[in-house]
Amino acid sequence: MSTTQVSEAGTIKQAAQDYWAKVKTGDIGPLAAILGLVVLCIVFGSMSPVFLTQGNFANLLTQAAAVIVIAMGLVFVLLIGEIDLSAGYASGVCSAVLVILVTKKDQPWFVALAAAIVVGCVLGYLIGVLVARLGIPSFVVTLASFLAFQGILLLLAGEGGTIRIEDKTVLAIENSNLSVTASWIFYIVVSAIYFLAGLSRINSRRKAGLKTELKKLWLIKTLALIGASGLAVLTLNLERSNNPDLVSLKGIPYVVPLILAILIVGTFVLDRTAFGRHIYAVGGNAEAARRAGINVKRIRIACFMICSGLSAIAGLIFASRQNSVSPTTGGSSTLLYAVGAAVIGGTSLFGGKGKMRDAILGGLVVAVIDNGMGLLGYAAGIKFIVTGLVLLTSASVDAISRRGVANS
Amino acid sequence: MSQPILQLKAINKSFGPVHVLHNVDLTVEKGKVTALVGDNGAGKSTLIKCIAGIYTPESGEFIFEGNNVEIDGPRAATSLGIEVVYQDLALCDNLDIVHNMFLGREKKRNKVLNEHEMESLARKTLDGLSVRTVKSIRQKVASLSGGQRQTVAIARSVLWNSKVVILDEPTAALGVAQTEQVLNLVKRLAENGLAVILISHNLNDVFEVADSIAALHLGRMAAQIDKSKIAPQQVIELITTGKSESAGVK
Ligand SMILES: Nc1ncnc2c1ncn2[C@@H]1O[C@H](COP(=O)(O)OP(=O)(O)OP(=O)(O)O)[C@@H](O)[C@H]1O
Ligand SMILES: [Mg+2]
């Protein structure tokens, strides 16, 4: 190929063809989850008068938050082709540590949070060592730790069962919002940074004489995202209190910037650092990674630590949402919803494919199904069945696309 | 004739009671393709693993660029400039060509991956080898044909100012056209001044690209002879019996 080819990747039509070629190699990208989300919103919006209200929208975000954060941690574990069934209860244990330190030991919230994250990382380290050094399948190790963590949580929560938390900062995460002005400033700053970062990426690739993404397409995608989130901010900035004179409810819930921060850091680690690249390599072909001089065991252990460490942050969100910790915190469907979220978002169960944003997209799909069907008055049983079917569909797409690659 | 870049003298290697390599000598020259032939189990893979530092022989000498060297691990081999492309390809399907070529040795700037530098270098290396068959070096390795994958694996091995490149049956799983591509690539490596060791069971391939042919028989070096001084029939004799009267090896 000659060096005169400094241009963009052709036309929109060509980009569409490239995309189709990628789809055929099993790389669907975020489009499927986005389309699913839009369809679900239209369906539920037309069936329930409450679904598309500002109050329900904010509710949806805070409902989805903990599952999304656990799913973001699971992405790391799924990327190396492993599973962590104990992530839900790990968040419960960390939540208990946090709540006990704040409520019973009078520690400030940040000390408690740091301790909870350390506990999460230690739990993840233990799982990682058993999987990577002893070679026990992660399914078995984390099934065992699922039970064990549930036990630890039960012991920590004690006979009474529930420990309340009254710390203002902790409660604010799920229950308070940025002010309307702060919401707009936050939105404008983040959008501007996102836009400029994309632009500088394209320009610097051009300067280096490398083929760039089609600028028109980038612009469409970026503006669509900025537009959609602008709409979301607009909605969140509407008054959603039933009784505005008594208590006003508007603005972006604090949990949103928290998740955005995790998204940015996680995406940076995965896409821009050698460590992230090695995670993908281990998931794609562990033997190749080993021969390339990568310390595969260290990568495996690190991924389990990140997963459980993020579970601790989910534990914070749980504590904030429930105002307490109980023996079921992080239990019941939490873990399954989180795995479902990652897979529905496009992360492969076979390793080597996935992104942080998958957890958010998939987490929103799961939350929308849960929330929408709840509003329509369906029983929990039906919700579980539908969510299960959606997960199964995503997993099938994942498996079939993999087979497609193997056959080609 | 110039001094050989790598010389092996009287290499012995056993696995427990099994004595696999007996006093093996081998001479590898710059800009030449040295073919290593031998029947299944003759010890070819074992020999190259000794060169690559994966196995340590019990006795024997390695002379690299005139100096006695110790190859006590894969890193030692790599730092001398010895690279191996293994029989089963060591590529990650889920990563693109650039990522695979730099796997484990990524270029960084302030801890952050320097994609521009890696992409330009990968491009330059592939251009230098006249590889034109890949459409985009940002495509996933999963979408490549067997020959293209082999090309990527070979290109990766020359990215590191390597001096000796060892290829273990690079054409074993390839069709006619792709075999031809890879053989051309092998020739080009030698033209670019590298010393190439090629393991192959296919004598057509060997005679097409090799300058020198080394035949192992039951762990002993039957002979290492210039290609011009030996015929395919005689190589077959060396491989199967360890001698060839007509070629003067007894
Ligand atoms: N790790 C090992 N432990 C014990 N014996 C081994 C080991 N590796 C190789 N051998 C033995 O050494 C001998 C040579 O094996 P090697 O793999 O070097 O043969 P080869 O020439 O590469 O054969 P092929 O053409 O089938 O690849 C064989 O008899 C094999 O059984
Ligand atoms: Mg072999």
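State all residues of the range B:150-180 that are within 16 Å of ligand 2 (Cβ to nearest atom), away from every other protein chain (no Cβ under 14 Å) and either open to solvent by 30 Å² or more (accessible area, probe 1.4 Å) or charged (D, E, K, R) (or both); if no residue qualifies, say none.
Within the range B:150-180, B:GLU169, B:ALA172, B:ALA173 qualify.
Is it true that some residue in the range A:332-341 is at pLDDT 95 or above, closer than 17 Å to A:GLN63 by Cβ and open to solvent by 10 Å² or more (accessible area, probe 1.4 Å)?
no
For every residue, the table says whether it meets (1) farther than 17 Å from B:VAL158 by Cα; (2) hydrophobic (A, V, I, L, M, F, W, C).
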| position | (1), (2) |
| --- | --- |
| B:SER14 | yes, no |
| B:ASP25 | yes, no |
| B:CYS50 | yes, yes |
| B:PHE64 | yes, yes |
| B:ASP93 | yes, no |
| B:ASN100 | no, no |
| B:GLU115 | yes, no |
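Residues of the range B:238-250 being open to solvent by less than 60 Å² (accessible area, probe 1.4 Å), over 12 Å from B:LEU36 (Cβ atoms) and in contact with an Asp or Glu (Cβ under 9 Å, 6 or more places away or on another chain), which ones?
Within the range B:238-250, B:SER244, B:ALA247, B:VAL249 qualify.
Going residue by residue through the range A:155-166, is there one that turns out to be surrounded by 15 or more Cβ atoms within 10 Å (Cβ to Cβ), more than 14 Å from A:THR329 (Cβ to Cβ) and touching a residue at least 24 places away in the same chain (Cβ under 8 Å)?
Narrowing the range A:155-166 to residues surrounded by 15 or more Cβ atoms within 10 Å (Cβ to Cβ): A:156-157, A:162-163, A:165.
Now narrow it down to the ones that are more than 14 Å from A:THR329 (Cβ to Cβ): none.
Checked against the condition, which is being surrounded by 15 or more Cβ atoms within 10 Å (Cβ to Cβ), more than 14 Å from A:THR329 (Cβ to Cβ) and touching a residue at least 24 places away in the same chain (Cβ under 8 Å), the range A:155-166 yields no hits at all.
Which of the residues that make up the range B:60-96 are within 14 Å of chain A (Cβ to nearest Cβ), part of a strand (DSSP E or B) and without any contact (Cβ under 8 Å) to a residue 60 or more places away in the chain?
B:ASP96 - this is the single residue of the range B:60-96 that is within 14 Å of chain A (Cβ to nearest Cβ), part of a strand (DSSP E or B) and without any contact (Cβ under 8 Å) to a residue 60 or more places away in the chain.
If you check B:VAL131 against the conditions, is it part of a loop (DSSP other than H, G, I, E, B) and surrounded by 17 or more Cβ atoms within 10 Å (Cβ to Cβ)?
Yes; evaluated as a whole, the condition is true for this residue.
Here's a check for you: in the range A:247-275, which residue that is within 8 Å of another protein chain (Cβ to nearest Cβ) and open to solvent by less than 30 Å² (accessible area, probe 1.4 Å) is farthest from B:ALA90 (Cα to Cα)?
Going through the qualifying residues, I end up with A:THR273.
List the helices (runs of 4 or more DSSP H) inside the range A:278-350, counting only whole elements, that have at least 1 residues being within 21 Å of A:ALA395 (Cβ to Cβ).
Output list reads A:296-322, A:334-345.
Just to be sure before I move on: is B:LEU203 touching a residue at least 60 places away in the same chain (Cβ under 8 Å) and crowded, with 21+ Cβ neighbours inside 10 Å in the structure I sent? Walk me through how you get there before you give the answer.
Working: touching a residue at least 60 places away in the same chain (Cβ under 8 Å): yes; crowded, with 21+ Cβ neighbours inside 10 Å: no.
So B:LEU203 fails the test.
Determine whether B:ILE137 is in contact (Cβ under 8 Å) with a residue 60 or more places away in the chain, on the phi < 0 side of the Ramachandran plot and buried (at least 22 other Cβ atoms within 10 Å of the Cβ).
So B:ILE137 fails the test.
Among the residues of the range B:61-101, count how many are of a type in the set (Phe, Trp, Tyr) and within 16 Å of ligand 1 (Cβ to nearest atom). Quick ask: steps written out before the conclusion?
Narrowing the range B:61-101 to residues of a type in the set (Phe, Trp, Tyr): B:62, B:64, B:86.
From what's left, within 16 Å of ligand 1 (Cβ to nearest atom): B:86.
Number satisfying all stated conditions: 1.
The values are calculated or read from the model by the stated rules, or taken from the named source; none is laboratory data. Only a predicted model underlies this, so the values are computations on that prediction, with no experimental measurement involved. Here Cβ is always computed from backbone atoms with ideal geometry, including for glycine, and neighbour counts include all displayed protein chains. The accessibility values were calculated without ligands, DNA or RNA, using every heavy atom of the protein model including side chains. Shrake-Rupley method; radii C 1.70, N 1.55, O 1.52, S 1.80 Å.
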